[in-house]
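Participant: One structure, pasted below without further comment.
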Amino acid sequence: MTRALLAGGATAVFLASLLGAQPASAAAGGPPADPDKMTIEIATVNGSGCRQGTAAVAVSEDNTAFTVTYSDYLAMVGLGSSPTDFRKNCQLSLVVHVPQGFTYAIASADYRGYASLEDGAYATQKASYYFQGSPDTAARNHVFYGPHDNNWQATDETDWAQLVWAPCGVQRNFNINTELRVYAGSSDPATTTSFMTMDSTDGELNTIYHLAWKECPA
């Protein structure tokens, strides 16, 4: 397992977009010129980490990213926890309306939050992405080790050639499955508590998904 980057600063957001890596023919299309023609809404939200009313979606002005904000997403193990608290998950099904003649893919995703891990404890953050009805699923996993008591950040990136594009001319929901797990490891759960949250110090987390755009075939 590789050690994920642990980044400090609750307001630090790493904006890693792969749009600059696209070929000239795709880049010429670029994001749609009229941002009012793209909207994203939550169709369904399920999971122990995103109870109803605790997740929201906003679209950037240039249509190259959207942000999912969580207000109650925390996994923990040890004192004060229940046997099921070590794992929290969230499945979002998003309805993405795009301008006619364009399609999109998720080029990268930035996650951040806070983790308090005892010496010997560790945690994992996992995400998978797929379009409704598609067999293609992209999954990424990051591991964080204690001792740690600070903000964390992880970025999932996809090469342009491996992007999974939304089908042209068909409305398909885009699904995002995320998960946090915290393990006691060699720490003592009878005397300590370790936790990880997708929830910054101000009570909100902005998880940013960067979009790549291209024109559909004629």
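The values are calculated or read from the model by the stated rules, or taken from the named source; none is laboratory data. Not measured: the values here are computed from a predicted model. When we count neighbours, we look across all protein chains shown, and the Cβ atoms used for this are built from the backbone with ideal geometry, even at glycine. Please note that ligands, DNA and RNA were not included when accessible areas were found on the heavy atoms of the full protein model with its side chains. Shrake-Rupley method; radii C 1.70, N 1.55, O 1.52, S 1.80 Å.
Participant: Extending each Cα 7 Å along its Cβ direction at Ser71 and Thr137, get the distance between those two points in nm, one decimal.
Facilitator: It is 3.1 nm.
Participant: From the alpha carbon gyration tensor of segment 94-218, can you work out the equivalent ellipsoid semi-axes (sqrt of 5 times each eigenvalue) and give them in Å, largest to smallest?
Facilitator: So the three semi-axes of segment 94-218 are 36, 13, 11 Å.
Participant: Considering every Cα-Cα pair within segment 36-83, what fraction, in whole percent, is farther apart than 12 Å? Walk me through the numbers before you get to the answer.
Facilitator: Numbers: 779 of 1128 pairs.
Percentage above 12 Å: 69.
Participant: Here's something else I'd like to know. Using a 7 Å offset from the Cα along the Cα-to-Cβ direction at both Thr54 and Asp85, what is the distance between the two label points in nm, to one decimal?
Facilitator: Each label point lies 7 Å from its Cα, and together they span 1.3 nm.
Participant: Answer with one residue from Thr155, Tyr104, Thr192: the one whose Cα lies farthest towards the positive end of the charge dipole of segment 86-218, charges on Cβ with Lys, Arg +1 and Asp, Glu -1.
Facilitator: It is Tyr104.
Participant: Moving on. Is segment 85-126 best put as rounded, prolate or oblate by its Cα gyration tensor, with a ≥ b ≥ c the root eigenvalues, rounded for a/c under 1.5, and otherwise prolate when a/b is larger than b/c, oblate when not?
Facilitator: Details: a/c = 4.70, a/b = 2.81, b/c = 1.67.
Note, shape of segment 85-126 comes out prolate.
Participant: Can you send over the carbon and sulfur percentage of the accessible area for segment 80-131, probe radius 1.4 Å, protein chains only?
Facilitator: Details: 850 of 1830 Å².
Its accessible area is 46 percent carbon and sulfur atoms.
Participant: Subtract the Cα-Cα distance of Ala218 and Cys168 from 0.36 nm times their separation in residues, and report this length gain in nm to one decimal.
Facilitator: 17.0 nm
Participant: Peptides 156-168, 115-127, 186-198, 92-104: what's the order by average Cβ count within 10 Å, highest mean first?
Facilitator: 115-127, 186-198, 92-104, 156-168
Participant: Using θ = phi - 60° and the Karplus relation 6.51 cos²θ - 1.76 cosθ + 1.60, list the HN-Hα couplings for segment 143-160 in order, rounded to whole Hz, with x at every Gly or Pro.
Facilitator: Karplus-based 3J(HN,Hα) across segment 143-160 equals 10, 10, 10, x, x, 7, 8, 6, 5, 10, 8, 9, 10, 9, 10, 10, 5, 3 Hz.
Participant: For Asn150 and Gln100, what is the calculated FRET efficiency with R₀ set at 35 Å and r taken between the beta-carbons, to the nearest 0.05?
Facilitator: Values: r = 46 Å, r/R0 = 1.31.
It comes to 0.15.
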